[in-house]
Amino acid sequence: MLDRLADRHAVDLRPVSAAARDFASRTVPVWQTMLGPELIGIYLIGSLAHGGFSDRYSDVDVALITEQGLSPDQLERGKAEAAALSGDWGPKLSVFWADRNFSLGRFPPLDRVDYLDHAVPLFEDEYVRPPRPALREVQEYLRGAPFANWAEQARRFASAMSLEPKDRKPYLRTLLYPARLCFSFVTGRMGSNDEAVVFLADGAPAGLDLDLISRAQQCRQADADPDPLFAERMKLPAQVEACAMLIA
């Protein structure tokens with residue numbers, strides 16, 4: 001069923017992500033049992049849908065569309081039951097959700113764009129299409145919490161004395177985020193890390209260290225430890241400043 005439904009959208013079909021897709025498909029009965037006729041659709045979004053999935057570094061992003069949204073209890077119980085299906089993939093499960101009108105839930109503008117452009121159905125009773133966020137809405141969103149959270153994380157890593165194993169994933173994401181930010185801020189689209197890094201080659205903000213971002217992407221593609229890049233952490237404040245100039 002997943003293969004048949006995936007034909008509707010361009011999707012990264014590398015074997016490396018097959019296990020993650022299988023896990024995501026096995027979460028569908030959890031939500032069907034819990035929500036019954038309230039459930040409208042379940043979709044893959046994120047890198048499992050638009051490409052560039054990494055077994056080590058990516059989340060398993062799943063989007064739920066329901067008639068009335070989800071209560072906090074439903075969300076937590078569903079996430080717990082779904083995550084329990086796999087010790088490997090369960091901790092990486094990230095659930096986005098919205099009601100039929102996309103007026104409730106966890107579905108920021110950029111993720112709505114990803115849903116509109118790339119979502120791969122796991123279950124679909126009806127395709128609900130929200131209004132496409134305008135470029136200005138995407139830019140205002142990116143100027144807010146996403147930029148502030150990244151800048152704070154960058155400052156924290158810049159002053160760190162060592163890289164703990166638990167921080168390898170967030171550190172690599174911090175190094176790569178300028179590519180994703182610039183790509184989405186200029187285009188209003190959601191793309192893979194690969195696409196964003198290629199985009200930077202032709203339109204990077206002044207002062208942005210492209211070599212550092214490229215090496216971080218090579219590390220991610222290899223599912224390697226980012227420890228050799230930890231010495232570059234002092235460059236992060238300059239990366240933040242370069243991106244701040246762009247979004248200003």
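The values are calculated or read from the model by the stated rules, or taken from the named source; none is laboratory data. Since we're looking at a predicted model, the values are computed, not measured. No Cβ is skipped: glycine too gets one built from the backbone with ideal geometry, and neighbour counts run over all protein chains shown.
Look through Pro121, Pro170, Pro130 and report the one residue that is more than 18 Å from the chain's Cα centre (by Cα) and modelled with pLDDT of 95 or more. Walk me through how you get there before you give the answer.
Values: Pro121 fails: more than 18 Å from the chain's Cα centre (by Cα); Pro170 fails: more than 18 Å from the chain's Cα centre (by Cα).
Sole residue among the options that is more than 18 Å from the chain's Cα centre (by Cα) and modelled with pLDDT of 95 or more: Pro130.
Looking at Leu70, Leu44, Leu93, Leu48, which one is of a type in the set (A, V, I, L, M, F, W, C), more than 29 Å from Cys219 (Cα to Cα) and in the same structural domain as Ala119 (by TED's automatic domain parsing)? Spell out how you get there, then give the answer.
Numbers: Leu44 fails: more than 29 Å from Cys219 (Cα to Cα); Leu93 fails: more than 29 Å from Cys219 (Cα to Cα); Leu48 fails: more than 29 Å from Cys219 (Cα to Cα).
Answer to the selection: Leu70.
Could you check how many residues of the stretch 58-81 are under 29 Å from Arg189 (Cα atoms) and out of contact with any Leu (no Cβ under 6 Å at 6 or more places or on another chain)? Don't jump to the end; show me each part of the working.
We begin by selecting, within the stretch 58-81, every residue under 29 Å from Arg189 (Cα atoms); these are 58-70, 75, 79.
Those left that are additionally out of contact with any Leu (no Cβ under 6 Å at 6 or more places or on another chain): 58-59, 61-65, 67-68, 70, 75, 79.
Total meeting the criteria: 12.
With the requirement that a residue be part of a helix (DSSP H, G or I) and in contact (Cβ under 8 Å) with a residue 60 or more places away in the chain, what does the stretch 146-165 give you? Steps first, answer last, please.
Taking the stretch 146-165 first, the residues part of a helix (DSSP H, G or I) are 146-158, 165.
The answer is Phe147, Trp150, Ala151, Ala154, Arg155, Phe157, Ala158.
Name the residues in the stretch 66-98 that are of a type in the set (D, E, K, R) and over 18 Å from Thr33 (Cα atoms), would you? If you could, list the steps in order and put the result at the bottom.
Here is the first cut: in the stretch 66-98, the ones of a type in the set (D, E, K, R) are 67, 73, 76-77, 79, 81, 88, 92.
Of everything in the stretch 66-98, those that are of a type in the set (D, E, K, R) and over 18 Å from Thr33 (Cα atoms) turn out to be Asp88, Lys92.
Do the conditions hold for Leu85, that is, is it surrounded by 14 or more Cβ atoms within 10 Å (Cβ to Cβ), in contact with a Leu (Cβ under 7 Å, 6 or more places away or on another chain) and among the hydrophobic types (A, V, I, L, M, F, W, C)?
Values: surrounded by 14 or more Cβ atoms within 10 Å (Cβ to Cβ): yes; in contact with a Leu (Cβ under 7 Å, 6 or more places away or on another chain): no; among the hydrophobic types (A, V, I, L, M, F, W, C): yes.
No: the conditions fail for Leu85.
Does Asp99 count as of a type outside the set (A, V, I, L, M), in the same structural domain as Val62 (by TED's automatic domain parsing) and touching a residue at least 60 places away in the same chain (Cβ under 8 Å)?
Details: of a type outside the set (A, V, I, L, M): yes; in the same structural domain as Val62 (by TED's automatic domain parsing): yes; touching a residue at least 60 places away in the same chain (Cβ under 8 Å): no.
Against the criterion (of a type outside the set (A, V, I, L, M), in the same structural domain as Val62 (by TED's automatic domain parsing) and touching a residue at least 60 places away in the same chain (Cβ under 8 Å)), Asp99 does not qualify.
May I ask you to list pairs of residues, at least six apart or on different chains, whose Cβ atoms are under 8 Å apart, with the first in the stretch 170-194 being touching a residue at least 60 places away in the same chain (Cβ under 8 Å) and closer than 19 Å to Leu48 by Cα and the second being acidic (Asp, Glu) and surrounded by fewer than 19 Cβ atoms within 10 Å (Cβ to Cβ)?
What qualifies is Arg189/Asp117; Met190/Asp117; Ser192/Asp12.
Let me spell it out: the conditions are (1) free of Cβ contacts under 8 Å to residues at least 40 places away in the same chain; (2) of a type outside the set (Ser, Thr, Tyr); (3) assigned to a strand (DSSP E or B), and Leu75 meets all of them except one. Which number is the exception?
Failed condition: (3).
Does any residue of the stretch 58-71 turn out to be assigned to a loop (DSSP other than H, G, I, E, B) and over 22 Å from Pro130 (Cα atoms)?
Restricting attention to the stretch 58-71, the residues satisfying the condition of being assigned to a loop (DSSP other than H, G, I, E, B) are 58-59, 67-71.
Of the ones still in play, those that are also over 22 Å from Pro130 (Cα atoms) are 58-59.
Yes, because at least one residue in the stretch 58-71 is assigned to a loop (DSSP other than H, G, I, E, B) and over 22 Å from Pro130 (Cα atoms).
If you check Ala201, Ala206, which single one turns out to be among the hydrophobic types (A, V, I, L, M, F, W, C), without any contact (Cβ under 8 Å) to a residue 12 or more places away in the chain and over 22 Å from Phe230 (Cα atoms)? Steps first, please.
Details: Ala206 fails: without any contact (Cβ under 8 Å) to a residue 12 or more places away in the chain.
Answer to the check: Ala201.
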